[in-house]
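Input: a single structure, listed below in C-alpha cells.
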Amino acid sequence: MVKALLVRGMLAGAIAGLFAFGFAYSFGEPEIDYAIAFEQQQAAHDQAGAAGAVHEHEEELVSRTVQAGIGLLLAVVIYGAGIGGLFAIAFALAYGRIGPFGPRATAALLAAAGFVSVAMIPFLKYPANPPAVGSPETLGNRTALFLVMIAISLIAVMLAIGLARRLLARFGPGPSAAIGGAVFAAVVALAYLLLPDVREIPAQFSADALWRFRAAALGTQLLMWTVLGLVFSLLAERLLEQRGSGT
C-alpha cells in the first residue's frame, strides 16, 4: 500500500510542479529579469567609478533562456515529485490516525499543514529574494537559517498535532485544536524572536519589484501544495476504494 501511495504521491507532485512552473514562469521570471538588469547596472556603475578599470564579462555556462525555461521546468517538477513522495509517506502515517477523516479530508489537512509549515512560516521570517538582493558571501548563512526555520516549523506542527490528539478525548475537537494551534503559534513566535533577521536589500532596488517577486514565490508554493493535495486525494481515494473492494 505504501509503495502504491508513494508512486501516486510522486505523480501528483510532478503534476503540481507543472502548474507551479507555469505560475513561476509567468509571474516570477519577469521580476528575476528586472533584478538581473539591476545587478548589471550596479556592476557597470561600480566599474565606471573604478578609475577606468576594464572588466570582461564571463560567459554564462547556462544561458538565461535555458534557466528560465527547461531548467526551471525540470527543477520545479523534480522538486514537486520529491515533495509528493514525502507527502504520500505522511499520508500513509496519518490516514486513520488523526481523526475520522476520509482520504480527501486527510490529504487536504496535510496539504494545508505542509504549505503553512514548509512554505509560509519560513517565508514570513526569511522571504525569498531575487538576484541582486543579498550578499553572495552570506548566501550559505541565509540558506541555513531558512532550513532551520523549516525544521522548527515542522517540529511545531508535530507538537501541536500530538498535543491536540492527547487532549481530544478530554476537551473535544474544538478546544483541543485551539490548544494545539496556540502551542504551534507560541513555538513559531519564539523562533521568530530568537533567530537573527536578515536585512540586505539595496536601497536603490525597486520595492514594487521585490514585492511582486516575493508574492510570485509564495504564490508558486501555494499553487503547488493546493494541486498536490487535490490530485493526490483523488488518486489515493481511488486506490483505497479499489483495495477496499478487493479489485
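Quick grid of which residues meet (1) within 21 Å of ILE121 (Cβ to Cβ); (2) at pLDDT 85 or above:
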position	(1), (2)
ASN141	yes, yes
ALA160	yes, yes
LEU163	yes, yes
LEU167	no, yes
ARG170	no, no
GLY174	no, no
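May I ask you to verify whether ALA119 is within 23 Å of ALA216 (Cα to Cα) and either touching a strand residue (DSSP E or B) at 6+ places or on another chain (Cβ under 7 Å) or without any contact (Cβ under 8 Å) to a residue 12 or more places away in the chain (or both)? No: the conditions fail for ALA119.
Within the stretch 102-130, the set of residues being surrounded by fewer than 16 Cβ atoms within 10 Å (Cβ to Cβ) and either over 30 Å from ARG199 (Cα atoms) or in contact with a Leu (Cβ under 6 Å, 6 or more places away or on another chain) (or both) comprises GLY102, ARG104, ALA105. In this entry, LEU86 passes the filter for residues that are within 16 Å of the chain's Cα centre (by Cα), farther than 22 Å from GLU200 by Cβ and surrounded by fewer than 18 Cβ atoms within 10 Å (Cβ to Cβ). Among all residues of the stretch 176-185, there is none that is out of contact with any Pro (no Cβ under 6 Å at 6 or more places or on another chain), of a type outside the set (Asp, Glu) and over 30 Å from ILE98 (Cα atoms). Would you point out the residue of the stretch 130-159, among those that are in a helix (DSSP H, G or I) and of a type in the set (Val, Ile, Thr), that is farthest from PHE115 (Cα to Cα)? The residue in question is THR138.
Return yes when GLN221 is under 21 Å from the mean Cα position of the chain (by Cα), of a type in the set (S, T, N, Q) and part of a helix (DSSP H, G or I) and no when it is not. Against the criterion (under 21 Å from the mean Cα position of the chain (by Cα), of a type in the set (S, T, N, Q) and part of a helix (DSSP H, G or I)), GLN221 qualifies.
The values are calculated or read from the model by the stated rules, or taken from the named source; none is laboratory data. What you are looking at is a predicted structure, and each value in this text was computed from that prediction instead of being measured. Note that each Cβ is placed from the backbone with ideal geometry, even for glycine, and that neighbours are counted across all protein chains shown.
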